[in-house]
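As structure tokens, the structure follows; a few thoughts come after it.
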Amino acid sequence: MQHLIGKQMILLKRAWNIFSISLLSTLTAYPALGAERIKFNYGLLEESIPISSLESYVKTGKVDESLASYSRYVGKKQLTQLRKALITPIPLSQIEVSQFLYTPIGERLLEKLGKVIQTESNLSGFYAIRAALILSATNKQNFTLLNVLQKFPASAISINLNQSLEIVDALQDLVNQTQNAVALVNQQSQQQLINTSTLKVAPLQDLRKPGSFRFIKQTILLNDLSRLRQFPADIYLPITQNPRPVIFISHGLGSDRTSFAYLAEHLASYGFVVAVPEHPGSNSKQLQALLSGTADRVTNPREFIDRPLDIKFLLDELTRLSKNNPKFQGRLNLEQVGVIGQSFGGYTALALVGAEINFKKLNSDCPALEDTLNVSLLLQCLAVNLPHTEYNLSDSRIKAAIAINPVDSSIFGQASLSKIKIPLMIVSGSADTVAPALPEQIQPFTWLTTPNKYLALINGGTHFSTISESSNAVVPVPTAIIGSSPALAQRYIQALSVAFLETYAVDQANFLPYLSTDYINNISRQPLPLSLIKSLTSEELQKAI
């Protein structure tokens, strides 16, 4: 018995240490605690912190005796960050909070969190967490984590350290595997440079700088009567007498057609016609409707079908305009077409070039959704609710594609991604916590069978690094989540897109040297060093992770 208690003490210390270090990130990611005390339970053992100690620390900056036990495990910097997190206003109203927490995705997050954050009787904290958030949000000026603590509908909150350790261990495994995979990609990229070091090329221009074409922007309104779907699109037209290649850009969930305006303008300056549609069911207006109470979901599963069909319909419309409209006549080369998409737009691009929705894979993966650390599966698994039939989403007119931070591991899986036959570039960020690099980009890259495939890795890049700030943003993305140097990441995208599309959509072989490690190293900069590889096998990846 003494041996058992001693072992539990060691485990409790480990659990307390790990959880203490991660408490700040837990509070920030899931702002839903509240009570008179926070209790940490591990088997028969228990530690606790009075909420009043946190309140006192927030007001005075002084650590009292109760909080001192916590402070032993974290540094002064983390305590300072915790203090700031507790009093930083949360920029959401009660309606906005309520709407999200009652969506399927919101409820999934609450279910997962409720296993760790429980009531004093060790029951799931699902309903208490939701109540605390909604009650605290009634006063938008005082909607802070500390206020949420005060609104929790119980005298104490119990943190299940068994569950916490499982999550922390699983997260650490994912982090370790991702680090090993990233190291492998970086190593392969440099190995490619060694193997091709004898192939010296003439000095290359800087594709991060604008090209020589001037252009105008036209906005058109499309109305697809067959789907009762109306949406706008911005068309960037180079000023030239000759037909130019056409590139489509598909934005991500909760974004809009201005998110990649910087890329559209850059491509137009290189002589590409760029068409950027707004996907009405998964754009910033949809997010606004959700948060204002006029919509009941983040997006409709039908968006998995409608998004690719938006691009196909727009391509049909541009074909018609090129024949009948003087503004477009003779200006579009519809034999040279490419597509770029980010996040949900990355899914859209992959669907357009031959990846089919894999209902068998979804049915296998989605029942275990509560146990995943891959947030993107919350989106992908919405597709389970679609009628299980074959959808014609691909378009043979598209000759090349770029998928940035795509979500694809379950919605497509290996069986569908292996069907893509055209040139494809996947762009990944090693610090992406929304569509994690390993399961959503690096491993799917090994599933590709197309001979012309590339994986570009932005070391330190996040899910939001390549998205420019939109004036229509509903909820501004915090700088800490965007990460460092988004302008640098966006310049990478500009250079990679020009090089890849000129090479494979326009068949300009003289741009192929730009898709080499030699050139990538030339433009790579800290704090977001860039790597590029053309091949990686599943065996190599499995061995590394």
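FYI, it's all coordinate maths here, none of it is from the lab. Note that the structure is predicted; figures quoted are calculated from it, not measured. Reconstructed Cβ throughout: ideal geometry from the backbone, glycine too, with neighbour counts over all protein chains shown.
Quick notes
- Among residues other than Asn333 with Cβ under 15 Å from its Cβ, the summed charge is +2 (Lys and Arg +1, Asp and Glu -1).
- Distance in nm between pseudo-label sites at Lys421 and Arg208 (7 Å out along the Cβ direction from Cα): 3.8 nm
- Relative exposure of Thr446, Thr138, Thr462, judged by other C-beta atoms within 10 Å (fewest first): Thr138, Thr446, Thr462
- Karplus-derived HN-Hα couplings along the stretch 173-187 (A = 6.51, B = -1.76, C = 1.60, θ = phi - 60°), whole Hz, x at Gly and Pro: 4, 5, 4, 4, 5, 5, 4, 5, 5, 4, 4, 5, 4, 5, 5
- Here the 3J(HN,Hα) profile of the stretch 425-442, calculated from phi with Karplus coefficients 6.51, -1.76 and 1.60 at θ = phi - 60°, is 10, 10, 10, 10, x, 5, 9, 6, 9, 8, 10, x, 4, 5, x, 9, 10, 5 Hz, Gly and Pro shown as x.
- Which of Ala368, Asn333, Val63, positive extreme of dipole for the chain (C-beta unit charges): Asn333
- Distant-in-sequence amide contacts of Gln336, defined by a placed amide H-H separation under 5 Å and a gap of 5 or more residues or a different chain, comprise Val246.
- Cβ-to-Cβ counts within 10 Å put Leu174, Leu109, Leu438 in ascending order as Leu174, Leu109, Leu438, the fewest first.
- Asp169 paired with Glu65, simple spin-label distance in nm, labels 7 Å along Cα-to-beta-carbon: 3.6 nm
- Charges were assigned to the Cβ only: +1 to each Lys and Arg, -1 to each Asp and Glu. The resulting dipole of the stretch 196-544 about its Cα centre is roughly 880 debye.
- Model label points for Lys327 and Ile239, set 7 angstrom from Cα along the Cα-to-Cβ axis, are 1.6 nm apart.
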